[in-house]
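For reference, the structure discussed in these notes is given below.
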DNA sequence: GCCAATCATCGATAG
DNA sequence: GATGATTGGC
């Protein structure tokens, strides 16, 4: 295997002896490359079997990409390396040992909406909320409970610091938490948090299971370690116990998942938790030109906590990042369209361009502008088509077939029918939890009795089809289509989404695998399209979803308080700190060209106002030396060209205006 | 007692 | 656009 292409630091990490290593790797220092070579080296030099290696990454996409690159180094066997997220690893382990925890191996996975519904049901059962009693929303309750699990802090502590107005309800929230856990067990379902928690429980309470799991992990590698939480750290520890081989890679300056319980201390105090660990550093940046890194260093300088790193590059100075002032969001979109076309003309491949933003909806106006200009793009992060109501409906049916005790799936389906509301649905699912079957007998005389009986029949007919996913999909979609047509005006468009879903399903041969994959790594509708002829598309991505990736040219949208940084972070020091790291991640994605867009005007329904500054930029002391400010305005309209706005654009602008008005009100 | 329609409120990032 | 509270109707 050829190691000559690596620098000394990378080579040290790749060829590190057995044991525990912490690799601290700044942005663009070849972290992925190092991991890829490490996997290849273990296979080739240490003669590890591919199934003995487990590579935990942040998304399945990242794992697949790394294994693909490793296979280019050492051949096809690299694909057999076990790779995925902590969650996907947990699903597999838990299926095997489900019975030890009081589940069966066909358990299904709840998404956030399901969990919220269940919290809502429990809340109404307990008679909390309603008449003037200010009780937190179910989403808030769930956030508190999730944070409790992911940080290990207790409910009182979390409510006290994050939601002091609800301090009187701490006891009630704890009670909801207890019932929530019990109900999920009764329903044979787990949510995302449970996957990790139950795995830790399994390892803690069933040593023989832990040993068998850990015995199978000869080499454990964990990427993006700065974004792991304390449960994930426990899992890593448990899995390395048999063979003692663990390599974690991360960069504390890129920790951007604090809201999800990620704890930078995992990496900062790694050597206390793993006293035998060797520390290795990768410092030279191979990605970006120096002017881009200067800005990145400037961003880190404003951080409260000192990060002792200054990125340096060998790739030359390059061009200064541009700080582009545009009038408003429409101009921002038009500016990017113009720039993309310009660069494409110059021969920059579209795959080498990306637009990054803080929140999914920031790109709405841009998406329309791109569509009008006929520029192909793919959007990552934000709401996926899988979350659309009609897609979730079909999913609910699939889940019922996979796990007849999946009460939340029933809960959703039952309320399709006229005359059935939350109370009736709750009654039915209480029975299902208890008996495990959907008994339509008590409802036969109701006006929805016929619909219930028919549904029961459809589910029964579906049972033999679980091994034939395409047939199962067809069966369920056929049943659901009339329901959809009655429910939604735009059922034609929605019908196409169901076809997309069927295409995705074709890649799987078992129902559980399909359901788990889709829950853990929601595909975008573009994933179903067969390779799109050319893979020439512009990437639109949230910054969070852009982690670990790089492009020649990067635009960052909506620099301005209230957008980026988010309005919800402005009065919270820790949150602002995370916004800064997020900005750092965005800046360091660019290899050669970086353009930051700053709309000056906000249009709201009461007129326009100047946008506030952007704390992320304004706090950088010598900003003017680091960026080149420019102003962009659209070329004057040619005579005869209509100035009428596309109706969709007008609608998107209105939605945005409403949203902005909300922030203005909140601050004023 | 429960469902369905109506109105006000709020709105991020993701496995 | 979703959620939660409110209200009118069966």
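What to note about this one:
- The range A:48-107 and the range A:438-466 have Cα centres spaced 38 Å apart.
- Each listed q (0.14, 0.22 Å⁻¹) maps to a log10 I(q)/I(0) for the range A:176-232, found by the Debye formula over equal Cα scatterers with no solvent: -0.54, -1.02.
- For a label point 7 Å along the Cα-to-beta-carbon line of residue A:260, residues of the range A:52-88 with backbone N under 19 Å: A:55-66, A:83-88
- Value of Rg/Rh across chain A [Cα atoms, Kirkwood radius]: 0.96
- Each Cα pair of the range A:430-549 feeds into the Kirkwood radius, which the Stokes-Einstein equation turns, at 25 °C and 0.890 mPa s, into a diffusion coefficient of 140 µm²/s.
- Taken along its three principal axes, the alpha carbon spread of the range A:40-186 comes to 67, 33, 22 Å, from the longest extent down to the shortest.
- Cβ-to-Cβ counts within 10 Å put A:454, A:89, A:163 in ascending order as A:454, A:163, A:89, the fewest first.
- Point-to-point label distance, residue A:216-residue A:175, nm (Cα→Cβ direction, 7 Å offset): 4.2
- Here the relative contact order of chain A, from alpha carbon pairs under 8 Å that lie six or more residues apart, stands at 18 percent.
- In the range A:238-320, the alpha-carbon atoms span a convex hull of 131 Å³ per residue.
- Per residue, the convex hull around the alpha carbon atoms of the range A:362-474 comes to 162 Å³.
- Here the ratio of the Cα radius of gyration of the range A:124-274 to 2.2 N^0.38 Å is 1.22.
- Gyration tensor (Cα) of the range A:240-395, equivalent ellipsoid semi-axes in angstrom: 36, 26, 16
- Sorting A:229-242, A:619-632 by average packing, meaning the other beta carbons within 10 Å per residue, from highest down gives A:229-242, A:619-632.
- Estimated translational D of the range A:1-76 in µm²/s (Stokes, Kirkwood radius over Cα pairs; 4 °C; 1.567 mPa s): 101
Read-outs: derived from the displayed coordinates by stated rules, not from any lab. Remember, it's a predicted structure, so these values are computed and weren't measured experimentally. A quick note on method: Cβ atoms are made from the backbone with ideal geometry, for glycine too, and the neighbour counts reach across all protein chains shown.
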